[in-house]
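Every number here is computed from the coordinates shown, using simple stated rules; none is lab data. Bear in mind the structure is a predicted one, so any value in this text is a computation, not a measurement. Heads up, the Cβs are rebuilt from the backbone with ideal geometry, glycines too, and the neighbour counts pull from every protein chain shown.
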Amino acid sequence: MIRFDQVTKRYASGHEALHELSLELGAGEMAFITGHSGAGKSTLLKLIALIERPTRGHVTVNGQNIGAMRQRSVPQHRRGIGMVFQDHRLLMDRSVFDNVALPLVIAGLAREEIGKRVRAALDKVGLLDRDRAAPITLSTGEQQRVGIARAIVAKPAVLIADEPTGNLDPQLSAEIMQLFAEFQQVGTTVVVASHDLPLVKRMGKRVIVLDHGRLLDDFRPGAL
Amino acid sequence: MFGRKPTGNRLKPTTAPRPAERAAPRQRLGFSSWRDQHLYSLFSSLGRLVARPWATALTALVMGLALALPLLFLVLLNNARSLSGGWQDAREITVFMQPASDDAAAAALAQKLSARADVVAVKRKTPQEGLDEFRAMSGFADALDVLKYNPLPNVLIVTPREPARGQDPAVLAALKAESGVDLVQYDASWRRRLGAILELAQRGVFVLAGLLGLATLLVVGNTVRMDIQARAEEIAVMQLIGASPGFVRRPFLYTGIWYGLFAGAFALIAVFAVQFALSGPVGQLLDSYDHRFVLQGLNPLAAASVPFVSAALGWLGAMLATARHLAEGHPE
């Protein structure tokens, strides 16, 4: 599903975030990306979502070499990827429902279909009764779950999350991670960047450890 | 954060989606969703403008005044033109013969002039005809009776062929050289001068309209630019979740169109208000002109086109701002 082939990413500042990184994730696989801050976790996710393009090497998503993708095809590519952010990045001037509906509105779905799918997504994250609420009135954990509902409402093949539990207490963090694991169970490829090593280990999934942009370790489930 | 109850039980188990559902929405937008998206942008942009009425009104007022000024000048110019229009046909040359010359000399000259290719018509008025006309028009009939002789000369009214623009007809010079001619009066020279002044004024109005149109573009563009900056986070999120550049741009374009429509309405109100305020005194002035001249308001066609033109200006200003300030696909 996702393939990195000798990928190097050097930013305009000269900082080399990834160095000749190669790895592969199968469809429906779940992996944690971990490592010290600045190890290249976020850059790896940004390359998948085409927020950045590789300096050298190939990034392949769903059989497509996305490094060569034309700029006008990027929105279409991103619609196939659900993104969860550390600070959830909800639009505070809109209701929970409207936030979750946004990817479907962008994709141009019919209104009735949008309503149905948004309610299903909110139900999945346990916030169906808060659909009219303003995001600001929700707790941090609830806000993050709205962010997750928004990421999965369009049923993307790939779900990526950058430090999704960075602002949450251990209890909430475990719940959120469990939620990601559930999406993997229904066939979504899930990539989560996290520096919360104890939590990552408890999940029993594949763990990719980066160090200064290089692959340091790649634990497979069962090897732990 | 603390004392929170376990919430894991709120997370419902997910069910496996059917393969057909899994496909990312790649289908072409149907007409109804296209319409939904546009209606959504149309009304959400209006909602944003109405939510801060003072800022919106201020922007629309500045734009509206900038549009009203050239419109008012246009009305003024059109009235000046229709006022001068009464004299547009004054291209006859009036030739006063010397009092000493007799009817035969005048008739001979008239015949000679009629033969010229650049003369359309020659009308001769004898001193007697002139006196009768004067008697009928001036109301000095009794006073004229006192005169022992007719002081009026023979008069020829020559209608030349329309000369080339800005030139005196050739016959004018020929007439001045003719012996027996006392005075040649040609009204068209000053009429032409007035025409040139009006032409210049019209050009001035167009230049002014162009400059003020540019100003409205900048006003809209700058307002939309600030709007874009204020909504940078929202734009970044939309781009991250796959919004096309068109989708991100659309609400701002509608914002520009709304500003344009409001400004057009303000401009029309301003023009009609000025017309109304001036109609009283101008009416009195016109009464003294025996109603030979009517005040013309803004031409209905021009008035009807104002909202369209101003909406187009608003759209264009927003387009320029979005092209400049929405970095496509680079949300971070």
Around A:Asn65, under 10 Å between beta carbons, what's the net of Lys plus Arg minus Asp minus Glu among the other residues?
0
Check A:Leu18: other-chain or 5+ apart residues with amide H under 5 Å from its amide H, H built from backbone geometry?
A:Lys9
For segment A:91-155, just the Cα atoms, rotate onto the principal axes and tell me the three extents in Å, largest first.
30, 23, 17
Would you compute, for the Cα atoms of segment A:104-224, the largest minus smallest coordinate along each principal axis and list the three values in descending order, in whole Å?
47, 28, 26
Amide H of B:Ile241: which non-local residues (sequence gap of 5 or more, or other chain) have their own amide H closer than 5 Å, using H built in the peptide plane?
none
Cα radius of gyration and Dmax for segment A:47-178 (Å)
15.6, 47
Per-residue ³J(HN,Hα) for segment B:224-240, Karplus 6.51 cos²θ - 1.76 cosθ + 1.60, θ = phi - 60°, Hz, x for Gly and Pro:
5, 4, 5, 4, 4, 5, 5, 10, 4, 5, 4, 5, 4, 4, 4, 5, 5
Dmax and Rg, reported as Rg then Dmax, of segment B:93-186 (C-alpha, Å)
14.7, 47
What ranking, highest mean first, results for peptides B:173-186, B:213-226 when packing means the other Cβ atoms within 10 Å averaged over each residue?
B:213-226, B:173-186
Remind me, what semi-axes does chain A give for its equivalent ellipsoid, largest first in whole Å, using sqrt of 5 times each Cα gyration tensor eigenvalue?
28, 21, 16
Expected sort for B:Tyr40, B:Tyr254, A:Tyr11, B:Tyr149 with the fewest Cβ neighbours (10 Å cutoff) up front is B:Tyr149, A:Tyr11, B:Tyr40, B:Tyr254
Integer Hz, Karplus 6.51/-1.76/1.60 couplings in order for segment B:256-272, x for Gly and Pro
x, 5, 4, 4, x, 5, 4, 5, x, 5, 4, 4, 5, 4, 4, 5, 5
Against the globular-protein guess of 2.2 N^0.38 Å, express the Cα radius of gyration of segment B:197-332 as a ratio, rounded to two decimals.
1.48
To check you understand DSSP bridge types, tell me what percent of the beta bridges within chain A (both residues inside) are antiparallel, rounded to 5.
50
Equivalent ellipsoid semi-axes - Cα gyration tensor, the protein assembly as shown, angstrom
86, 25, 17
Would you mind checking which residues have amide H under 5 Å from B:Asn154's amide H? H placed 1.01 Å from N; only 5 or more apart, or other chain.
B:Met97
Charge dipole (debye, nearest 20) of segment A:91-155; +1 at Cβ of Lys and Arg, -1 at Cβ of Asp and Glu
160
Taking the Cα-to-Cβ direction at B:Arg324 and at B:Leu214 and moving 7 Å from each Cα, how far apart do the two end points lie in nm?
1.3
Please report Rg over Rh for segment A:168-224, where both radii come from the alpha carbon positions and Rh follows the Kirkwood definition.
0.97
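Evaluate peptide A:157-169: per residue, the Cβ atoms of other protein chains within 10 Å of its Cβ; return the mean as an integer.
Counting Cβ atoms of other protein chains within 10 Å of each residue's Cβ and averaging gives 1.
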How far is helix A:111-124 tilted, in degrees, relative to the longest principal axis of the Cα atoms in chain A, given as a value from 0 to 90 rounded to the nearest 10?
70
Pop out the ³J(HN,Hα) list for segment A:162-169 in order, Karplus 6.51 cos²θ - 1.76 cosθ + 1.60 with θ = phi - 60°, rounded to Hz; leave Gly and Pro as x.
9, 6, x, 10, x, 10, 10, 6
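Taking only the alpha-carbon atoms of segment A:39-85, what semi-axes of the equivalent ellipsoid follow from 5 times the gyration tensor eigenvalues under a square root, in whole Å, largest first? Could you put the intermediate results ahead of the total?
Working: eigenvalues 49, 40, 17 Å².
Equivalent ellipsoid semi-axes, largest first: 16, 14, 9 Å.
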Tell me which lysines have Cα within less than 29 Å of A:Lys124's Cα, excluding those fewer than 8 residues away on the same chain?
A:Lys41, A:Lys46, A:Lys116, A:Lys155, A:Lys201, A:Lys205, B:Lys5, B:Lys12
